[in-house]
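K.L.:
Handing you this structure, nothing more for now.
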Amino acid sequence: MRIIVVNNYEEMSRKAADMMASQVILKPDSVLGLATGSTPLGMYKELVDRYEKEGLDFSKVTTFNLDEYYGITRENTQSYYYYMRNNLFKHINIDLQKTNIPNGSAESIEKECEEYEERIKKAGGIDIQVLGIGSNGHIGFNEPDINFEAETHLVNLDEETIKANSRFFNSKEDVPVKAISMGIKTIMQSKKIILLANGEGKAEAIYETVKGKINPNTPASILQLHNDVTIILDKNAASKIQ
Ligand code: GLP
């Protein structure tokens with residue numbers, strides 16, 4: 001694991017954008033694995049900036065998002081579909097046909113999950129996967145006690161995750177209790193991984209991920225076994241490992 005500690009959120013976002021931009025410049029038809037949540041917002045802003053000012057070209061890129069809430073339509077402003085459109089896709093020259101997000105309102109979730117895995121394989125696998133981390137150590141929506149062997153599947157959200165994500169909804173009761181998420185196996189098959197974390201609230205999860213034993217209670221700890229992981233942290237998220 002390569003760990004980079006920076007001063008603040010802006011620096012973390014710039015570093016992450018540097019890595020994503022180099023990937024796209026070196027391989028214009030890259031397959032990018034994308035994440036949602038508040039953490040990568042600054043990185044997306046940076047990438048939009050580089051498209052506008054430097055002409056960073058996304059026209060050949062394919063993307064796969066990590067997860068989507070279950071039982072939510074794409075039009076719902078809390079859907080990750082809506083998030084990706086508004087925070088990245090509509091601001092850059094990406095071909096929307098090449099963007100992939102699990103469909104949380106698919107008729108058959110089982111089929112949706114199988115097809116999602118198929119699509120990733122057909123695209124040649126993910127070149128670089130961006131991850132945030134939950135305060136409970138989740139990546140994607142792979143909650144504690146996860147089966148490390150899982151591929152894309154339907155998950156039950158942890159109480160802690162529902163509470164954490166309720167800040168985006170009108171009330172806690174509005175937060176979906178299930179989601180479709182790439183599994184740990186899917187994530188681990190990515191060629192490169194970047195994990196981003198900022199703020200004190202992530203310090204414990206980062207400590208367990210980096211220094212703890214590999215165990216299903218901290219899903220992100222499995223990343224210790226991946227051979228190309230870069231973790232970019234602000235000082236606060238790194239406070240327990242330094
Ligand atoms: C969410 C997402 C994760 C994200 C994490 C942290 O529930 N499913 O992909 O990394 O929780 O979110 P945030 O960046 O808002 O702290």
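The values are calculated or read from the model by the stated rules, or taken from the named source; none is laboratory data. This structure is a prediction, so every number in the text was calculated from the model and none was measured. Don't worry about glycine lacking a Cβ; one is built from the backbone with ideal geometry, like all the others, and counts go over all protein chains shown. Side chains included, ligands, DNA and RNA excluded: accessible areas come from the protein's heavy atoms. Shrake-Rupley method; radii C 1.70, N 1.55, O 1.52, S 1.80 Å.
K.L.:
For the condition within 12 Å of the ligand (Cβ to nearest atom) and on the phi < 0 side of the Ramachandran plot, what is the one hit in Asn147, Asn156, Asn170, Asn165? Working first, answer last.
P.N.:
Values: Asn147 fails: within 12 Å of the ligand (Cβ to nearest atom); Asn156 fails: within 12 Å of the ligand (Cβ to nearest atom); Asn170 fails: within 12 Å of the ligand (Cβ to nearest atom).
Just a single option satisfies the conditions, and that option is Asn165.
K.L.:
With Lys185, Lys178, Lys211, Lys192 as the choices, which residue is away from the ligand (no atom under 14 Å from the Cβ) and in contact with a strand residue (DSSP E or B) (Cβ under 8 Å, 6 or more places away or on another chain)?
P.N.:
Lys192
K.L.:
Could I ask something else about it? Residue check, Glu10 against (1) away from the ligand (no atom under 16 Å from the Cβ); (2) over 27 Å from Ile180 (Cα atoms); (3) open to solvent by 30 Å² or more (accessible area, probe 1.4 Å), all met but one. Which one?
P.N.:
Glu10 satisfies every listed condition except (1).
K.L.:
A further question on this structure: If we keep just the residues of segment 95-127 that are among the β-branched types (Val, Ile, Thr) and open to solvent by 20 Å² or more (accessible area, probe 1.4 Å), which is farthest from Leu34 (Cα to Cα)? So that I can check it myself, show each step before the final result.
P.N.:
From segment 95-127, those among the β-branched types (Val, Ile, Thr) are 99, 101, 109, 120, 126; that's our starting set.
So of that shortlist, the ones also open to solvent by 20 Å² or more (accessible area, probe 1.4 Å) come out as 99, 109.
Working: Thr99: 10, Ile109: 21 Å.
By that ranking, first place goes to Ile109.
K.L.:
Any idea which of (1) within 12 Å of the ligand (Cβ to nearest atom); (2) touching a Gly at 6+ places or on another chain (Cβ under 8 Å); (3) open to solvent by less than 10 Å² (accessible area, probe 1.4 Å) is the one Ser135 doesn't satisfy?
P.N.:
(3)
K.L.:
Could you pull out the residue among Ile241, Ile187, Ile194 that is among the aliphatic types (A, V, I, L, M) and surrounded by fewer than 17 Cβ atoms within 10 Å (Cβ to Cβ)?
P.N.:
Details: Ile187 fails: surrounded by fewer than 17 Cβ atoms within 10 Å (Cβ to Cβ); Ile194 fails: surrounded by fewer than 17 Cβ atoms within 10 Å (Cβ to Cβ).
Criteria check complete, one pass: Ile241.
K.L.:
Consider only pairs whose beta carbons are under 6 Å apart and that are at least six residues apart or on different chains; among these, list those whose first residue lies in segment 74-94 and is loosely packed, with under 15 Cβ neighbours inside 10 Å and whose second residue is not in a loop (DSSP other than H, G, I, E, B).
P.N.:
Arg74/Tyr81
K.L.:
With respect to Gly124, determine if the residue is assigned to a loop (DSSP other than H, G, I, E, B) and under 15 Å from the mean Cα position of the chain (by Cα).
P.N.:
No: the conditions fail for Gly124.
K.L.:
Could you give me the residue pairs with C-beta distances under 7 Å whose first residue belongs to segment 117-137 and is among the β-branched types (Val, Ile, Thr), whose second residue is within 11 Å of the ligand (Cβ to nearest atom) and open to solvent by 10 Å² or more (accessible area, probe 1.4 Å) wherever it lies, and which are 6+ apart or on separate chains?
P.N.:
As it stands, the answer is Ile133/Lys202, since those pairs meet every condition given.
K.L.:
Being over 15 Å from the mean Cα position of the chain (by Cα), surrounded by fewer than 22 Cβ atoms within 10 Å (Cβ to Cβ) and under 20 Å from Asn236 (Cβ atoms) narrows it down to one of Glu160, Glu149, so name that one. Write out each step before concluding.
P.N.:
Numbers: Glu149 fails: under 20 Å from Asn236 (Cβ atoms).
Within the list Glu160, Glu149, the selection yields Glu160.
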